Every structure is written in structure tokens, then in C-alpha cells.
Amino acid sequence: MEGSGSATCPLFFDEPEREALPIQYGTAPGGFILTRPTREGETSISAFFVVRALRRRGVGQQAALHLLHSRPRAWAIAFQEANAGAARFWRGVATAAVGSSWREETHPVPPPAPANLPDDHWIFLNTGA
């Protein structure tokens, strides 16, 4: 597994401050979460995936809230507003995690992304406060 992962996503296996975390559903794999530090000092959820069969069952929200609360710190979560499901999901997770103590900002998608992409929406919250 390590060899194939290293070839497809080397940063998450070679840089110690990045994490690749499994989502479990009972004894079965349910998805994964990738995190990385930002230059500003937050931890970013850079990828979040729940297998299709487990979506809309609360598995993703439970996994996200477990992550945010088990690692109290400042978090930054990016999504595209055009992905209505992701926008609704992350705003709901932020509210469940810290009530109204979160903020949302928009920022251009960094290069090398195509210039015509809409801005990323970022949610910032702190579970260590």
C-alpha cells in the first residue's frame, strides 16, 4: 500500500505534517480525509471523501466533527460554491462544531489552476478556543 500511495500522492506520505486519515464505518472502510498545514497556521482539510453507499447517512458529518474535535486547533476548509452539496455540508459541519463562531471568505484558486475557475470559498473555525 505504501508504495502505490507514494506514487500517487507523495506529499501525504513524505511530509510529516500532512495526514491521510481513514473514515471507518464499523469494520468497513468508509472513506478518507487528507489534511495539511496552511502558511497562516491553520490545518486545512484538503480532501474529504465518503464512499457513495454511505452518503446521506451522517457518516461524513460524524467523521468531520470527530476530526475537528479530536484535534483542537484552527481549521481552514475550502470548497466551491457551485458544489451545493459541499457548501451545505461544510457550513453545517462548521455550525455543529462551533456554533456561529466561524467565518467564510472567498479567495482565488491558486495556480496552476486555470484562471477561469470561480473563487474558492473558505470556512475558518477554531475548535481549540
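Only the coordinates and a few stated rules stand behind these numbers; no lab work does. Bear in mind the structure is a predicted one, so any value in this text is a computation, not a measurement. Here the Cβ positions follow ideal geometry from the backbone for every residue, glycine too, while neighbour counts run over all protein chains shown.
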(request) Once you have the Cα-Cα distance between ALA115 and TYR25, take 0.36 nm times their residue separation minus that, and quote the gain in nm to one decimal. (result) 28.5 nm
(request) Give the whole-number value, in cubic angstrom per residue, of the convex hull volume spanned by the C-alpha atoms of the chain. (result) 133 Å³
(request) Quick one: which residues, 5 or more positions from ASN126 or on another chain, have an amide H under 5 Å from its amide H? H modelled 1.01 Å from N in the peptide plane, none for Pro or chain starts. (result) TRP75
(request) May I ask you to evaluate 6.51 cos²θ - 1.76 cosθ + 1.60, the Karplus curve with θ = phi - 60°, for each residue of segment 58-68 and list the ³J(HN,Hα) values in order in whole Hz, giving x for glycine and proline? (result) x, 5, x, 5, 4, 5, 5, 5, 4, 4, 4
(request) About the Cα centre of the chain, how large is the charge dipole given +1 on each Lys and Arg Cβ and -1 on each Asp and Glu Cβ? Please answer in debye to the nearest 20. (result) 600 debye
(request) Give the long-range amide H neighbours of GLY31: residues separated by 5 or more places, or on another chain, with amide H under 5 Å away, using H modelled in the peptide plane at 1.01 Å from N. (result) ILE23, VAL51
(request) For every helix of n ≥ 4 consecutive DSSP H residues, a contribution of -39,500 (n - 2.57) applies; sum these over the chain, divide by its total residues, and give [θ] at 222 nm rounded to the nearest 500 deg cm²/dmol. (result) -9000 deg cm²/dmol
(request) Would you pull out the residues with amide H under 5 Å of ASP120's amide H, same chain only if 5 or more places away, H placed 1.01 Å from N? (result) HIS107, VAL109
(request) Using the Karplus curve 6.51 cos²θ - 1.76 cosθ + 1.60 with θ = phi - 60°, work out ³J(HN,Hα) for each residue of segment 108-114 in order, rounded to whole Hz, and write x for Gly and Pro. (result) x, 5, x, x, x, 4, x
(message) Looking at the chain only, what percent of DSSP beta bridges run antiparallel? Nearest 5 please.
(response) 90 percent
(request) Arrange the following residues from fewest to most other Cβ atoms within 10 Å of their Cβ: ARG36, ARG88. (result) ARG88, ARG36
(message) Using Cα-Cα distances under 8 Å and only pairs 6 or more residues apart, what relative contact order does segment 25-85 have, in percent?
(response) 33 percent
(message) From the phi angles alone, apply the Karplus equation (6.51, -1.76, 1.60; θ = phi - 60°) to segment 77-93 and give each ³J(HN,Hα) in whole Hz, x where the residue is Gly or Pro.
(response) 10, 9, 7, 9, 4, 5, 8, 4, x, 5, 4, 5, 4, 5, 5, x, 5
